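The values are calculated or read from the model by the stated rules, or taken from the named source; none is laboratory data. Values in this document were obtained by computation on a predicted structure and should not be read as measured data. Because the Cβ atoms are built from the backbone with ideal geometry, glycine has one as well, and the counts that use them run over all protein chains shown. Accessible surface areas use protein heavy atoms only, side chains included; no ligands, DNA or RNA. Shrake-Rupley method; radii C 1.70, N 1.55, O 1.52, S 1.80 Å.
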Amino acid sequence: KKGQPASFRFHHISTDEVFGSLPDDPAVLFKENTPYDPRSPYSASKASSDHLVKAWYETYGLPILLTNCSNNYGPYQFPEKLIPKVILNALAGKPIPIYGNGGNIRDWLYVEDHAVALLLVLEKGCVGRNYNIGGSNEMTNLNWVHSWCTILDRLQPSANGCFADLITFVSDRPGHDKRYAIDTTRIR
């Protein structure tokens, strides 16, 4: 477009939550063409932003790239997110809240790996395409929490017993999807 550098790209970063919830079958993964099925206000707002960006591409030729990623973890994560919440509560001797029965399955992606993938899409992605970015690392929330508690038991033993003893099941949150998992074939 006039006045726009040839290398300009509008990279919209979204989430796998826009696709809804997957069955427990490990062979079933979210693909780039999976129909949207948001089930919470958050995922619906993300889905609507994806549609808005795609509409700008279709209507005005805005050179977009769109990525949908799985759950991120890493340094400086907001303390209310699962991993920092578990670690901070455990070290403080507070209950570790787990929604429902802890059976929700997530695909975890280290934030630095996500950043590398975002740069790859920006540098080599095809305008108008979307790319799934995932960690290919599925586990139930409860199994993750037990893993972190085991690590904390080894690194920072508590005089009050195992950190896993602090796990407390709380009411599941509304619209909490059962499973997310991403097919990363395209970006690979």
Inset, instruction - Measure off, as a whole percent, the carbon and sulfur share of the 1.4 Å-probe accessible area of region 59-157, all protein chains present. - result: 59
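What percent antiparallel are the DSSP beta bridges of the chain, to the nearest 5? Working shown, then result.
Numbers: 3 of 22 bridges.
DSSP beta bridges in the chain are roughly 15 percent antiparallel.
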Legend entry - For Phe30, solvent-accessible area (1.4 Å; no DNA, RNA or ligand), Å²: 0
Legend entry - By accessible area with a 1.4 Å probe, ligands and nucleic acids excluded, highest first: order of Asp113, Asp183: Asp113, Asp183
Legend entry - Sum of -39500 (n - 2.57) over DSSP H runs of 4+, divided by residues of the chain (222 nm, nearest 500): -10500 deg cm²/dmol
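Let me check something: with ligands and nucleic acids excluded, how do Thr168, Thr67, Thr185 order by accessible area (1.4 Å probe), largest to smallest?
Values: Thr168 55, Thr67 0, Thr185 100 Å².
Result of the area sort, largest leading: Thr185, Thr168, Thr67.
Please report the antiparallel percentage of the DSSP beta bridges confined to region 78-188, to the nearest 5. Intermediate results must be reported in sequence, preceding the final value.
Details: 3 of 8 bridges.
About 40 percent, rounded to the nearest 5.
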Inset, instruction - Give me the accessible area of Lys94, 1.4 Å probe, in Å² rounded to the nearest 10. - result: 110
Legend entry - Probe 1.4 Å, protein heavy atoms only - accessible area per residue of region 42-180 in square angstrom: 55
Legend entry - When each of Lys46/Lys124; Lys54/Lys85; Lys124/Lys178; Lys31/Lys94 is checked by Cα-Cα distance, pairs over 31 Å: Lys54/Lys85; Lys124/Lys178; Lys31/Lys94
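Quote the charge dipole size of the chain about the Cα centre in Debye, to the nearest 20; the model charges only the Cβ of Lys and Arg (+1) and of Asp and Glu (-1). Please list the in-between numbers first.
Numbers: 19 positive and 19 negative charges, 117 e Å.
Here the size comes out at about 560 debye.
Please tell me the relative contact order of region 1-132 in percent, rounded to the nearest whole number, where contacts are Cα pairs under 8 Å and at least six residues apart.
Details: 140 pairs, mean separation 42.2, N = 132.
After rounding, I find 32 percent.
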Inset, instruction - Just check region 126-188 against the gyration tensor rule for me: Cα atoms, a ≥ b ≥ c as the square roots of the eigenvalues, rounded for a/c under 1.5, and otherwise prolate or oblate depending on whether a/b exceeds b/c. - result: oblate
